[in-house]
Amino acid sequence: MLKQIAAACITAAVLSSCSTLQAVSDKIFPSDKSTLTMADVVPVMRPATPRVRQQQQKFVKENLKRFSSGKAAGAHYVTEAKRNFNDEKPDSAAYLFGRAWLLDSTNNDIFWGYGLVYGQQKQFDKSLFILYKAHKADKENPRLLTDIATSHLGRFYEASSPDDLLKSRKLLEEAIKLAPDEEDAYYKLAISCYYLQDYPKAWEYLHKSLRQDKAIADKKFISALLAKHRDPEGIYHHRNIQ
């Protein structure tokens, strides 16, 4: 749907693994204990003043005249939002996703888009809250599953939560069942397995990702993995990744 969430933190985070993994639930999906509401993650749902509400109503009226329908208008702003996100303008993207929501709150790409924006901004609670909203309407989308897993990994880097780590692995395993050629999912599975101290599996998934796209290789990650376990395929050694 959109360019994947920026994951610059992966390289640095990979250099130090968590030392212990407590027993956690096997559930993929988050509990209902979140205190977030839709208005917290879609700000236009709660206009700050009556004047802002009037401006929103004017905007909707004008765009319903401009386009054939609210759905068509919303789709236009979603396209603009995606373009801004891919141009690394997350604030503009979030604003445009809000414009789209005012016109068509049923467009699932809006929820997905907000989730990626919040993920890029490292607001992982908000990212996961709304990405799971998108997932309810699109349960077998491997790219969406990978993006949800990416936000779980991001939150793991921030809070060292084993629960996030296990959820990311389950989501990514589901993604590759649906799309066996998804190199990004394989690569992130390799990272999840590294942190879970399942190094043979980490190598297996890393090689699968590299067979799809060699450019995805990260020397620092490979070096960190080599420090834990030799490459079973014998392709990588410390001397050839310097």
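The values are calculated or read from the model by the stated rules, or taken from the named source; none is laboratory data. Every value quoted in this text rests on a predicted model; they were computed, and no experiment measured them. Reconstructed Cβ throughout: ideal geometry from the backbone, glycine too, with neighbour counts over all protein chains shown. Accessible surface is based on the protein model in full, side chains and every heavy atom, while ligands, DNA and RNA are left aside. Shrake-Rupley method; radii C 1.70, N 1.55, O 1.52, S 1.80 Å.
Laid out as a table, the results:
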read-out	value
Within the range 214-231, considering residues that are closer than 24 Å to residue 180 by Cα and surrounded by 14 or more Cβ atoms within 10 Å (Cβ to Cβ), the one nearest to the chain's Cα centre (by Cα)	216
Residue tally, condition within 18 Å of residue 126 (Cβ to Cβ) and touching a Cys at 6+ places or on another chain (Cβ under 6 Å), over the range 141-177	1
Cβ pairs under 7 Å, 6+ apart, first in the range 144-168 and at negative phi and in contact (Cβ under 8 Å) with a residue 60 or more places away in the chain, second part of a helix (DSSP H, G or I) and among the β-branched types (Val, Ile, Thr)	153/191
Hits in the range 109-125 - residues which are within 24 Å of residue 57 (Cβ to Cβ) and open to solvent by 10 Å² or more (accessible area, probe 1.4 Å)	109, 111
Residue pairs meeting the criteria (Cβ under 7 Å; at least 6 apart or on separate chains; first open to solvent by 70 Å² or more (accessible area, probe 1.4 Å), in the range 43-65; second in a loop (DSSP other than H, G, I, E, B) and not hydrophobic (A, V, I, L, M, F, W, C))	53/47
Flag for residue 159 being among the hydrophobic types (A, V, I, L, M, F, W, C), within 20 Å of residue 36 (Cα to Cα) and surrounded by fewer than 23 Cβ atoms within 10 Å (Cβ to Cβ)	yes
So residue 167, is it open to solvent by 50 Å² or more (accessible area, probe 1.4 Å) and not aliphatic (A, V, I, L, M)	no
Answer from 3, 58, 71 - the residue that is basic (Lys, Arg) and at pLDDT below 85	3
Counted residues, the range 187-213 - those being surrounded by fewer than 19 Cβ atoms within 10 Å (Cβ to Cβ) and under 19 Å from residue 143 (Cα atoms)	3
Every pair of residues 6+ apart whose Cβ atoms lie under 9 Å, when the first sits in the range 75-93 and is within 14 Å of residue 119 (Cβ to Cβ) and open to solvent by 30 Å² or more (accessible area, probe 1.4 Å) while the second is assigned to a loop (DSSP other than H, G, I, E, B) and of a type in the set (Gly, Ala, Ser)	88/6
Residues of the range 126-145 classified as of a type in the set (Gly, Ala, Ser) and surrounded by fewer than 18 Cβ atoms within 10 Å (Cβ to Cβ), total	1
